[in-house]
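The values are calculated or read from the model by the stated rules, or taken from the named source; none is laboratory data. If you're wondering where the values come from, they're calculated on a predicted model, not measured in any experiment. Cβ: placed from backbone, ideal geometry, glycine included. Neighbour counts: every protein chain shown.
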């Protein structure tokens, strides 16, 4: 990215300069990017173009924002955050949510120490690979009727718990307590439901994973204590979303909202930003379907968490495998935020970005409320991940949002030219990281070197005042599709 | 990466998070067929696939760029719904009515799997007549 097009407004904040001769109608459009010069320089110019386009959408409140892990996406950049006021014609954008609606991370903490795992790691890796359905074309152990799927879309993770996948108490640690309100399964097409019938409890492929990790370093002792984390402890992170149902909803609404934009009087700077006013029949139709997909994703991760627990119980009958937290990072949600001195209801898009509520927020589980919401930055399979905590400054800077991952530094095809899957698996094994994957091509595409430096992303996230680092997690086992 | 199938061909272009596909052909329909081949080759090597399943599909679309997205998404939806992967495609057009067929097989255990394609996006979407008997269709697919 050409930094000449940005004005640095703080050590970690950059504002997009207004183009000379820009029309007066665009004077309110403002976009802010967070990160250091190195991170921003490594971003594609398309990030700048995309976040500037987001800033032109109707009803935007404050600037359009790019997190430190931002990279070129479709419509919004990945790592894009934008809030809209429905009382001012604010929109909801299918392109601002993405195809993998409510993709997110379920993080499980165990009472196991890394020494207990060491000699069993290869067998545990094999069992997780066998027990966790992953990869393109792979179905799960459930085959649901359309009526049962409607119950999933209405009930979310609560549905899964009712079916025996997990405990009621852990729903406290899932966003929305496991079920988002406002889901309308009737807004979801039959094809979307048919695609999902065999995909509940599946991981998918691409950048999705299940990873067994060890807490390598504690950065914030008080927050770590509240989260139940200690050095040497084993955690499991599960990264996946709403599978075929979400993909189909995204597909269908992207086209229908792009077509509707002209009729609704919205000039789209990029058709991929297909949107409709929140307060419109088209907007409400999409919101009902999107919320159904969020519940689908919450249920999916609940099932996968339970399957993981079952596998661990085979090796460690006395192990406790509890939900630390479950965060989504492809969503749009109505939230109350302070704008000036007024509290307003805004619809906050986070496309590849995570909610990061500050200490004291009522939506944080009581156990964590004094230290802030857990935020998870998922890194590549060869580097590591971070647990962070929400901070007060993030509310004014990013509507209480933070980075969600390391962020890609190069395309999949560039990665395929540089690495071979089998060689990566072998070299990671020598470093004590066991990879189990159905696709060697997928491993090469997801090579650790294809991602930004997660340490710098986490440092920038903290430096920019979006969240503070609590613990660093090193991967031990990674199951991929 | 370039794949040739008689007069038709497909290739890929760079995109940070996802995959850009380009389909080419002597006609608009052939270019769309090539784009479909590019999308499905991300999920499985077409040379290793059999043609035990044939799926018909149709849709209505006036806008030829949106028609590319509709075509790819109809194929992806049909494939994922049936648990199959396609290797060959045929498309015809009568005004805004499009009729297609796809051939492939159900996923089997010994198939080398690539990366799942979630859907076709409107990003970098273009359908162009690039010269005599030469069409090109491109977009980014989400993986």
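General observations
- Selection count, region A:420-441, where residues are away from chain B (no Cβ under 13 Å) and buried (at least 19 other Cβ atoms within 10 Å of the Cβ): 7
- Of all residues in region A:405-419 being assigned to a helix (DSSP H, G or I) and more than 29 Å from residue A:354 (Cα to Cα), the one that is nearest to the other protein chains (Cβ to nearest Cβ): A:417
- Flag for residue B:90 being more than 13 Å from every other protein chain (Cβ to nearest Cβ) and either touching a strand residue (DSSP E or B) at 6+ places or on another chain (Cβ under 6 Å) or closer than 24 Å to residue A:190 by Cβ (or both): yes
- Selection within region A:45-76 - under 17 Å from residue B:121 (Cα atoms) and part of a strand (DSSP E or B): A:71, A:72, A:73, A:74, A:76
- Here residue A:389 meets the list (1) buried (at least 24 other Cβ atoms within 10 Å of the Cβ); (2) modelled with pLDDT under 95 almost entirely, failing just condition (2).
- Residue in region A:181-213 that is surrounded by the most Cβ atoms within 10 Å (Cβ to Cβ), counting only those that are over 24 Å from residue A:442 (Cβ atoms) and away from chain B (no Cβ under 14 Å): A:183
- The set of residues in region A:462-477 being within 18 Å of the chain's Cα centre (by Cα) and crowded, with 24+ Cβ neighbours inside 10 Å consists of A:466, A:467, A:473.
- Test: residue in region A:77-85 that is more than 11 Å from chain B (Cβ to nearest Cβ), over 17 Å from residue A:464 (Cβ atoms), in a loop (DSSP other than H, G, I, E, B) and touching a residue at least 24 places away in the same chain (Cβ under 8 Å): yes
- Matching option when the condition is more than 14 Å from every other protein chain (Cβ to nearest Cβ), without any contact (Cβ under 8 Å) to a residue 12 or more places away in the chain, touching a helix residue (DSSP H, G or I) at 6+ places or on another chain (Cβ under 6 Å) and in a helix (DSSP H, G or I), among A:160, A:151, A:147: A:151
- Positions within region A:250-295 being closer than 16 Å to residue A:188 by Cβ, buried (at least 24 other Cβ atoms within 10 Å of the Cβ) and within 14 Å of chain B (Cβ to nearest Cβ), in sequence order: A:250, A:251, A:253, A:254, A:257, A:293
- Test: residue A:61 is crowded, with 24+ Cβ neighbours inside 10 Å, in contact (Cβ under 8 Å) with a residue 12 or more places away in the chain, in contact with a helix residue (DSSP H, G or I) (Cβ under 9 Å, 6 or more places away or on another chain) and under 30 Å from residue A:292 (Cβ atoms): no
- Among the conditions (1) at pLDDT 95 or above; (2) more than 8 Å from chain A (Cβ to nearest Cβ); (3) assigned to a strand (DSSP E or B), the only one that residue B:85 does not satisfy is (2).
- Some residue of region A:451-465 being at negative phi, within 14 Å of chain B (Cβ to nearest Cβ) and in contact with a strand residue (DSSP E or B) (Cβ under 9 Å, 6 or more places away or on another chain): yes
- Conditions (1) buried (at least 16 other Cβ atoms within 10 Å of the Cβ); (2) in contact (Cβ under 8 Å) with a residue 40 or more places away in the chain; number of the one not met by residue B:51: (1)
- Filter result for residue B:104 (facing chain A (nearest Cβ under 8 Å), in contact with a strand residue (DSSP E or B) (Cβ under 7 Å, 6 or more places away or on another chain) and under 26 Å from residue A:243 (Cβ atoms)): no
- Residue among B:38, B:44, B:78, B:17 that alone is more than 9 Å from chain A (Cβ to nearest Cβ) and either within 24 Å of residue A:199 (Cβ to Cβ) or in contact with a strand residue (DSSP E or B) (Cβ under 6 Å, 6 or more places away or on another chain) (or both): B:38
- For residue B:36, the conditions (1) closer than 30 Å to residue A:79 by Cα; (2) part of a strand (DSSP E or B) all hold with the exception of (2).
- Region A:163-180 - residue that is in contact with a helix residue (DSSP H, G or I) (Cβ under 6 Å, 6 or more places away or on another chain) and crowded, with 19+ Cβ neighbours inside 10 Å and, of those, nearest to the other protein chains (Cβ to nearest Cβ): A:180
- Matching entry among B:77, B:109 (being assigned to a loop (DSSP other than H, G, I, E, B) and either free of Cβ contacts under 8 Å to residues at least 12 places away in the same chain or surrounded by fewer than 22 Cβ atoms within 10 Å (Cβ to Cβ) (or both)): B:109
- Flag for residue A:138 being touching a helix residue (DSSP H, G or I) at 6+ places or on another chain (Cβ under 7 Å), in a loop (DSSP other than H, G, I, E, B) and within 14 Å of chain B (Cβ to nearest Cβ): no
- Within region B:25-48, the set of residues being under 19 Å from residue A:439 (Cβ atoms) and in contact (Cβ under 8 Å) with a residue 60 or more places away in the chain comprises B:39, B:40, B:41, B:42, B:43, B:44, B:45, B:48.
- The lone exception for residue B:121 - which of (1) facing chain A (nearest Cβ under 8 Å); (2) over 18 Å from residue B:136 (Cα atoms); (3) in contact (Cβ under 8 Å) with a residue 60 or more places away in the chain it fails: (2)
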